[in-house]
1. Using beta carbons and a limit of 7 Å, which pairs, at least six apart or on different chains, have the first residue in segment 49-63 and under 15 Å from residue 83 (Cβ atoms) and the second one within 6 Å of the ligand (Cβ to nearest atom) and hydroxyl-bearing (Ser, Thr, Tyr)?
2. Out of all the residues in segment 126-153, which are of a type in the set (A, V, I, L, M), over 22 Å from residue 54 (Cβ atoms) and within 14 Å of the ligand (Cβ to nearest atom)?
3. When the residues of segment 160-192 are filtered to those that are under 23 Å from residue 6 (Cα atoms) and either at pLDDT below 95 or assigned to a loop (DSSP other than H, G, I, E, B) (or both), which remaining residue is farthest from the ligand (Cβ to nearest atom)?
4. Which of the residues that make up segment 132-174 are surrounded by fewer than 23 Cβ atoms within 10 Å (Cβ to Cβ) and of a type in the set (Phe, Trp, Tyr)?
5. Among what's in segment 193-205 and is aliphatic (A, V, I, L, M) and more than 13 Å from the ligand (Cβ to nearest atom), pick the residue that is farthest from residue 12 (Cα to Cα).
6. Among the candidates 86, 80, 123, 119, which residue alone is more than 14 Å from residue 22 (Cβ to Cβ) and within 10 Å of the ligand (Cβ to nearest atom)?
7. Applying the selection to segment 97-108, what residues are more than 8 Å from the ligand (Cβ to nearest atom) and out of contact with any Asp or Glu (no Cβ under 6 Å at 6 or more places or on another chain)?
8. Considering only residues that are surrounded by 15 or more Cβ atoms within 10 Å (Cβ to Cβ), within 15 Å of the ligand (Cβ to nearest atom), in contact (Cβ under 8 Å) with a residue 60 or more places away in the chain and not β-branched (Val, Ile, Thr), which ones fall in segment 18-47?
Amino acid sequence: MEVRYTRTMIHRDALNARVMAAMRKVPRHKFVDPDMLDKAYYDGPLPIGCGQTISQPFIVALMTDLAGVEEGDKVLEIGTGSGYQTAILAELVKQVYSIEIISELGEQACKCLQQLGYTNVETRIGDGHEGWEEEAPFDAVVVTAAADAIPPRLIEQLKPRGRLIIPVGPAYSHQELIVVEKDDKGNISQWSALGVVFVPLTGGH
Ligand code: SAH
């Protein structure tokens, strides 16, 4: 449904079939607060504590699709939050690295991902502005909090032909979901897929 409304903006008539299969497979209710269980499958964001939210399912699917991930890929996520987007990526690629700045959320997500049996995920607590130097470069980087400007390290840590998906704009105001592509020669191009609202990317100072 959301794809139909937004298809001219997102340049797609439908989302990738592997992405949609992962969306059907990952139990979203395991990633939401127990008192939100009845809303786990509603197509909107939900609070996950510490003033943060688990993204709307459509946005998770769209960002994953835009990241163009393939089975053998190594992917970096910034903003682990509940771990839901992490799990979707883990279904689709070889290895996911995910960074969360709030330790309480990062630790809880790590436990949840372990309980669900994901062995191809590494999480850490830290500031995503720096990326994950030791594991770089990445086939794709997915940022799930809005930045004022694209952190340069994240572009540096992309492989040639890599893609960075990041909401850019002021906190809780109009933000654009930006797709940054690095070509074979390392040249960068970018386009905006959609207007979005994400919690802010903090840190970076
Ligand atoms: N992908 C998450 C969405 C969580 S909301 C999910 O599916 O649930 C965005 C998350 O980004 C929050 O948990 C927030 O704490 C985290 N965040 C904000 N700034 C960050 C930074 N500089 N580095 C890492 N994580 C950050």
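1. Hits for this filter: 54/82; 54/84; 55/144; 60/84.
2. Passing the criteria: 149, 150.
3. 174
4. 132, 172
5. 194
6. Criteria check complete, one pass: 80.
7. 103, 104, 107, 108
8. Scanning segment 18-47 gives 22, 23, 30, 31.
The values are calculated or read from the model by the stated rules, or taken from the named source; none is laboratory data. What you are looking at is a predicted structure, and each value in this text was computed from that prediction instead of being measured. In this analysis, Cβ positions are derived from the backbone assuming ideal geometry, glycine residues included, and neighbour counts consider all displayed protein chains.
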